[in-house]
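Input: a single structure, listed below in structure tokens.
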Amino acid sequence: MKISFPYMGTSHIVAGYLLENLGHEVIHPPVPSKKTLSLGVQHAPEFACLPFKIVLGTYLEVVEMGAEVLITSGGCGPCRAGYYGEMHKRILHDLGYPVEMIVIEPPLVEPFDFFKKLHRLVKPKGYINLVRVLRVAWAKMQALDDLEKTLHKLRPLVFAKKQLNRIYDEGLEAIRRADSVKEVAVARKDALEAMHSLPADHHYKPLRIGLIGEIYVVLEPFANFDIERILGEMGAYVHRSIFLTNWIRDNVLAHGEKDIRAAAVPFLNEMVGGHGQNSVGEVVRYAAKNFDGVIQLAPFTCIPEIVAKSIMPAASKARGIPVMTLYLDEQTGQGGIETRLEAFLDLLRQKRRKQEAS
């Protein structure tokens, strides 16, 4: 069967490797573009959030490329994302694409359903092969996250930012091609050494910004206008709250990260779905680590992030850390985002100067 999946950040590298090595013919989703979003907006309900529309647009692109089966993640708790797989399937069927939708629910929430669907995916090459493939896939995921963290750390410091981006892209491609844990380790090591070899001003103390919010708009550069690159080129260090490895570990293999929820409790002691409670908890944690500010990325109409946004002023004031929320939808423009980021960084620099002078 020809199988495909949504595109989100660097996850497509791991997902593509997994499915190909489990014995399936993979239709690799294209990088999201204006065409992708336009397709999604055209056929999605008006109230749907930006991730819903981009993913729908991706599905429309891959079914035209021959995809017969689509794999996506499910969800739990009071968040509409748990229904998106079914909604996407119905829209595609109504448009004349009789694709099959396999929705993978968290194993601790729906263990029987999870292993039933896993068995179908593993069946072509068996479970012994699955063990090897999972080891390599996890190594790839960790390596991808390490490269991205290093990119964020070095971007405000290095002089040749375009060269840094090129080395990063080459590292991603080397990790994609790797077919063993050893090959992944070599690709990771070579890329990190090349990135660290670039001339940089290590005496410069950049503003430190925490990036929080809904997982898709945080991880997918097309959805957030490549905000990490913009901030890095403006001279700020960006620390992202969500990476593939910690999300898999804390939300797929466990019932969420308890430390974040505990941090949020003084301000929000309810599970509001999505990453709403996490967003509040992350503000508290970034404040404890003396970050200069926090940026919340929220899809327009995302209820969990709207709830979190309503609590941000209280958390910001109590913990003494500025928080800016950016709502994202198909009407959002690059120029407006950059203008707001410049203004926010100016305010943070003024705050730092006052603190240093006192």
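The values are calculated or read from the model by the stated rules, or taken from the named source; none is laboratory data. Since this is a predicted model, take the numbers as computed values, not measurements. Using ideal geometry, Cβ is built from the backbone for each residue, glycine included, and neighbour counts are taken over all protein chains shown.
Considering Leu121, Leu130, Leu108, Leu70, the condition of being farther than 26 Å from Ala178 by Cα and in contact (Cβ under 8 Å) with a residue 24 or more places away in the chain is satisfied by Leu108 alone.
Of all residues in the stretch 50-82, those satisfying the criterion of being part of a helix (DSSP H, G or I) and either under 23 Å from His119 (Cα atoms) or among the aliphatic types (A, V, I, L, M) (or both) are Leu50, Ile54, Val55, Leu56, Leu60, Val62, Val63, Ala81, Gly82. Within this structure, Ile311 fails the test of being out of contact with any Ser or Thr (no Cβ under 8 Å at 6 or more places or on another chain), surrounded by 20 or more Cβ atoms within 10 Å (Cβ to Cβ) and more than 30 Å from His43 (Cα to Cα). Of Arg188, Arg166, Arg176, all but one fail to be within 23 Å of the chain's Cα centre (by Cα), among the basic types (Lys, Arg), surrounded by 14 or more Cβ atoms within 10 Å (Cβ to Cβ) and over 26 Å from Pro51 (Cα atoms); the exception is Arg188. Only a single criterion out of (1) modelled with pLDDT of 95 or more; (2) touching a Leu at 6+ places or on another chain (Cβ under 7 Å); (3) within 30 Å of Ala187 (Cβ to Cβ) is not satisfied by Lys125, namely (1). Selection of first residues in the stretch 148-169 that are touching a residue at least 12 places away in the same chain (Cβ under 8 Å) and among the aromatic types (Phe, Trp, Tyr) and of second residues that are part of a loop (DSSP other than H, G, I, E, B) and surrounded by fewer than 18 Cβ atoms within 10 Å (Cβ to Cβ), restricted to Cβ pairs under 8 Å at least 6 apart or on distinct chains, gives the following pairs, ordered by first then second residue: Phe159/Leu198; Phe159/Pro199; Phe159/Asp201. Within the stretch 178-203, residues that are farther than 26 Å from Phe159 by Cα sit with their Cβ atoms under 7 Å from residues that are surrounded by fewer than 16 Cβ atoms within 10 Å (Cβ to Cβ), at 6+ positions apart or across chains, in these pairs: Val181/Arg135.
Step by step: first the residues of the stretch 339-358, then only those that are within 24 Å of the chain's Cα centre (by Cα) and surrounded by 15 or more Cβ atoms within 10 Å (Cβ to Cβ), then the one that is farthest from Gly293 (Cα to Cα). Which residue is that?
Result: Leu341.
Total residues in the stretch 309-358 satisfying the condition of being farther than 17 Å from Leu297 by Cβ and part of a loop (DSSP other than H, G, I, E, B): the figure is 2.
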